[in-house]
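Below is one structure, written out as structure tokens; comments come after it.
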Amino acid sequence: MSQELLDNRGKGLANWSLPPVHPEGRKFAVIAAGITLIFALMAWETLAWPMGGLTLWILAFFRDPARVTPLDERFVIAPADGLVTLIQEVAPPIELADHDGLGPDPLWRVSIFMSVFDVHINRAPIGGTIRRIVYISGKFLNADLDKASDENERQHVMVERSDGLRIGFTQIAGLVARRIVPFVKEGDFVAVGQRVGLIRFGSRVDVYLPRGTAPNVVKGQRIVAGETVLGIVGDAPVREGIAH
């Protein structure tokens with residue numbers, strides 16, 4: 001192997017590091033680690049090992065890796081990591097559908113399911129001002145079900161760009177998720193790809209693409225928050241492979 005390849009390999013190893021843990025998760029990790037230590041000191045190995053595993057899982061769940069967001073005003077960027085489980089043309093929820101919101105006409109909705117193994121930090125799909133945040137209490141059904149959009153605990157968010165383009169998305173709690181944690185409030189300005197919140201322990205995010213914009217992803221595709229392009233504004237043709 002050439003010296004150049006060895007040097008490049010060394011640089012790659014030097015630049016790699018574990019992703020940081022978001023502050024929201026550190027308290028849970030500290031509690032789990034403390035319980036693990038107590039079990040270990042009491043020689044309760046059958047409890048210490050599972051608690052140690054749980055501590056590592058909590059650290060992994062709240063990981064907050066850096067993302068490289070495409071800076072193109074035509075792009076609507078994925079707000080969540082996970083699997084595209086539903087792509088449908090539906091009317092926006094009433095909380096987003098008035099004349100100051102997305103309007104009542106059907107829009108393409110892309111549903112992203114986040115398992116407990118996905119990164120759960122949610123990011124802004126476009127840059128602009130947070131015009132609306134509406135929290136609704138509800139059930140904790142499986143977030144993969146279509147009716148979760150209407151029945152589960154959820155939070156609607158609308159971002160408006162300086163040119164008037166509006167994007168709405170909904171954070172939906174699931175079977176295990178019990179808390180939607182916002183990082184922003186109404187009136188805040190956010191950059192595209194900026195962290196705007198998280199949902200603890202498994203959940204879903206619905207994104208409503210602007211009128212005249214078709215999905216740029218297909219059902220069954222895994223996507224990355226802050227990086228995957230969900231749609232290109234004004235690009236209306238539906239791509240082959242989209243399943244409803």
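The values are calculated or read from the model by the stated rules, or taken from the named source; none is laboratory data. No experiment lies behind these values; they were computed from the predicted model shown. Cβ coordinates were reconstructed from backbone atoms using ideal geometry, including for glycine residues, and neighbour counts include every protein chain displayed. For the accessible areas, the whole protein counts, side chains as well, though only heavy atoms, and no ligand, DNA or RNA atoms are used. Shrake-Rupley method; radii C 1.70, N 1.55, O 1.52, S 1.80 Å.
Counting residues in the range 114-133 that are at pLDDT below 90, farther than 24 Å from residue 165 by Cα and touching a Leu at 6+ places or on another chain (Cβ under 7 Å) gives one or more. Does residue 46 fit the bill of being outside any loop (DSSP other than H, G, I, E, B) and either touching a residue at least 60 places away in the same chain (Cβ under 8 Å) or polar (S, T, N, Q) (or both)? So residue 46 fits the description; yes.
For the range 12-43, which residues satisfy the criterion of being outside any helix (DSSP H, G or I) and at pLDDT below 80?
In the first step, residues of the range 12-43 are kept if they are outside any helix (DSSP H, G or I); the result is 16-22, 42-43.
Across the range 12-43, the qualifying residues are 16, 17, 18, 19, 20, 21, 22.
For residue 85, the conditions (1) modelled with pLDDT under 95; (2) more than 30 Å from residue 21 (Cβ to Cβ); (3) not in a loop (DSSP other than H, G, I, E, B) all hold with the exception of (2). Residue 227 meets the stated requirement of being open to solvent by 60 Å² or more (accessible area, probe 1.4 Å), modelled with pLDDT of 90 or more and not in a strand (DSSP E or B). One residue stands out among those in the range 60-75 that are modelled with pLDDT of 85 or more and aliphatic (A, V, I, L, M): the one that is most open to solvent (accessible area, probe 1.4 Å), which is 71.
Every residue, every condition in (1) of a type in the set (Asp, Glu); (2) modelled with pLDDT under 95, yes or no:
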{"site": "160", "(1), (2)": "yes, no"}
{"site": "177", "(1), (2)": "no, yes"}
{"site": "205", "(1), (2)": "no, yes"}
{"site": "209", "(1), (2)": "no, no"}
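Put simply, of 43, 78, 48 the only residue that is more than 30 Å from residue 103 (Cα to Cα) and open to solvent by less than 50 Å² (accessible area, probe 1.4 Å) is 48.
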